[in-house]
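Below you'll find the structure, written out as structure tokens, and then a few comments.
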Amino acid sequence: MVAAYLLFGVPGVSMSAHRRIVLIAIVGALIISTSAPLVRLSGVSPATSALFRCAYAVPPMLVLAWLERRRFGPLPRRAVLMSWAAGVVFALDLLFWHHAIAYVGAGLATVLGNLQVFIVAFAAWALFGERPSTRLMVGTPVVFAGVVLISGVFDSAAYGSDPMLGVAAGIATSLSYAAYLLLLKGGSDRAAGPLAHATVVATVAIAALSPVFGGADLMPSWPAHGWLVLLALGPQVVGWSLITYSLPRQPAALTALLLLVQPMSTVAISTLVLGERPSVLQLAGCAVVVVGVLYGSRRPPARASAEKVPSDDGRVSSARSGPA
């Protein structure tokens, strides 16, 4: 699926510009695919890993935002406010997701967190006029069948300390994740400034909410600090900077689809590095989720009265989608 987009591109977008944006999104997704394994390797509580992931990322993000501001000027007020809102929902995303990792492991939690593809597709239709294909309606029950398999409800050998709670936390993660992506997409076409604002707000929000989510240890010991620094500088700063850059430059549903590189990579890393061994039914559920999302997110060639027109930097300007 990703290969097809790389070869043929989005209708109306120049091949080279589209490929560059897609590759940026894929690299970003590959980098953030290390997030859950790094959380597990740190060995700290979910609230602690969520807090330090953002806190350690604040200084480099502020430097990047300052450099961006010098070049392009201050962010519009609307973009700042939407970035703050994104920071609040990102805090919830991380708190729910890091608990899902504790309940069901890094690989399965990441698959569950990426149900956002469907949520983003439906929300982008309502907010941005990006009409999803009717395939989405067919793919939705398929995906949730996969979620049921991952939950272990029919499986006496399900992996994880509490697969059912893991599924609940994963679904909450997906809702928060979708809101985060849509707020960043709708706020500004810049990368560093919005992400810096969102990261600062997320740090404060996680600190405030941590007592509700089990509490955070403000003085984790080594080597936990080392893993948390890697988590902040790699996935949070580099990975999300690349993804934030790509968000306003392509359809939201396509970005969400490309982010599926993350769960597939995370499952592989978690198996090889962490020794996680989901049951056969849970792995089948992962496959069902991925297949359902790929099928549901695929769009037929648009028959639009107004095509999407790219700017020189590859950003897609306003256009009306064709019929699904």
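The values are calculated or read from the model by the stated rules, or taken from the named source; none is laboratory data. Every value quoted in this text rests on a predicted model; they were computed, and no experiment measured them. Because the Cβ atoms are built from the backbone with ideal geometry, glycine has one as well, and the counts that use them run over all protein chains shown.
List of remarks:
- Taking every residue in segment 34-60 that is in a loop (DSSP other than H, G, I, E, B) and pairing it with any residue that is among the hydroxyl-bearing types (Ser, Thr, Tyr), at least 6 positions away or on another chain, the pairs with Cβ-Cβ distances below 6 Å are Ala57/Thr199.
- Meets criteria (modelled with pLDDT of 75 or more and within 20 Å of Ala179 (Cβ to Cβ)) for Gly113: yes
- Residues that are over 15 Å from Leu92 (Cα atoms) and among the hydrophobic types (A, V, I, L, M, F, W, C) do occur in segment 193-213.
- Some residue of segment 45-60 being among the basic types (Lys, Arg) and crowded, with 23+ Cβ neighbours inside 10 Å: yes
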